[in-house]
Amino acid sequence: MGMAVRPIVVWPDPRLREETREVVEITDEIQTLYKDLCETMVAYQGIGIASPQIGVPVKMFLIDALVALGDENLPPVAFINPEVLGTSDELEKCDEGCLSFPGIYVPIERPVRARVRAMGLNGEIFELEGEGLLARAIQHENDHLTGKLMVDFVGPLKKRMIKRKLEREAELDDVPLAGA
Ligand code: NI
């Protein structure tokens, strides 16, 4: 079975809030999920992606290898059943984007450093500590697995603005192109 770019689930789709299940073993299904996440992340030019974003409620996310390991020649790193072990007291506010909120950037304050433990695609447990963008990506993607989203960091007014903007774009997408 070949890999495929899957449609991105866009907020406020309830699938982004669904409870995710643990991966018990690395099956062919999990390998295919990994490949689909890779293809989709690359197609949409993300630096990270979580399974619920393609409608699969499984505890796995990917981070681009340049961000995760400083090596652009490696494939995206899989974090399976991840657990954030600790974060720094030091915080930093940065604009954050998300494939499930196309075109939206929100300033979010998060710890500057984060340490994560996860299972890799080979079934081995590993730990990784990140700073700056990597720490932010770890926390952002890990949030997806617990149903937490960017809009949960903003007030009701800003949340409504984001909702309107995404609805307007969804309507535009539905307009059929002449002759297409
Ligand atoms: Ni996201």
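The values are calculated or read from the model by the stated rules, or taken from the named source; none is laboratory data. Since we're looking at a predicted model, the values are computed, not measured. Neighbour counts run over all protein chains shown; Cβ positions are idealised from the backbone, glycine included.
Structural remarks
- Residue that is at negative phi and away from the ligand (no atom under 13 Å from the Cβ), where the choices are PHE153, PHE101, PHE79: PHE79
- Taken over the stretch 64-99, residues that are within 13 Å of ILE49 (Cα to Cα) and in contact with a His (Cβ under 8 Å, 6 or more places away or on another chain) amount to 1.
- No other residue among GLU96, GLU90, GLU72 is modelled with pLDDT of 95 or more and farther than 23 Å from VAL9 by Cβ apart from GLU90.
- Options ALA118, ALA137; residue that is within 16 Å of the ligand (Cβ to nearest atom) and not β-branched (Val, Ile, Thr): ALA137
- Residue-level check: of (1) in contact (Cβ under 8 Å) with a residue 40 or more places away in the chain; (2) within 15 Å of the ligand (Cβ to nearest atom); (3) in a loop (DSSP other than H, G, I, E, B), GLN45 misses just (1).
- Inside the stretch 1-38, residues that are surrounded by 14 or more Cβ atoms within 10 Å (Cβ to Cβ) and of a type in the set (D, E, K, R) make up a count of 7.
- ILE80 vs. criteria over 15 Å from ARG136 (Cα atoms) and in contact with a strand residue (DSSP E or B) (Cβ under 9 Å, 6 or more places away or on another chain): yes
- The listed residues are GLU141, GLU131, and the only one of them that is touching a Lys or Arg at 6+ places or on another chain (Cβ under 6 Å) and modelled with pLDDT of 95 or more turns out to be GLU131.
- Within the stretch 75-113, tally of residues that are surrounded by 13 or more Cβ atoms within 10 Å (Cβ to Cβ) and within 19 Å of PHE153 (Cα to Cα): 19
- In the stretch 71-124, residue nearest to ARG21 (Cα to Cα) [restricted to those that are hydroxyl-bearing (Ser, Thr, Tyr) and within 16 Å of the chain's Cα centre (by Cα)]: SER100
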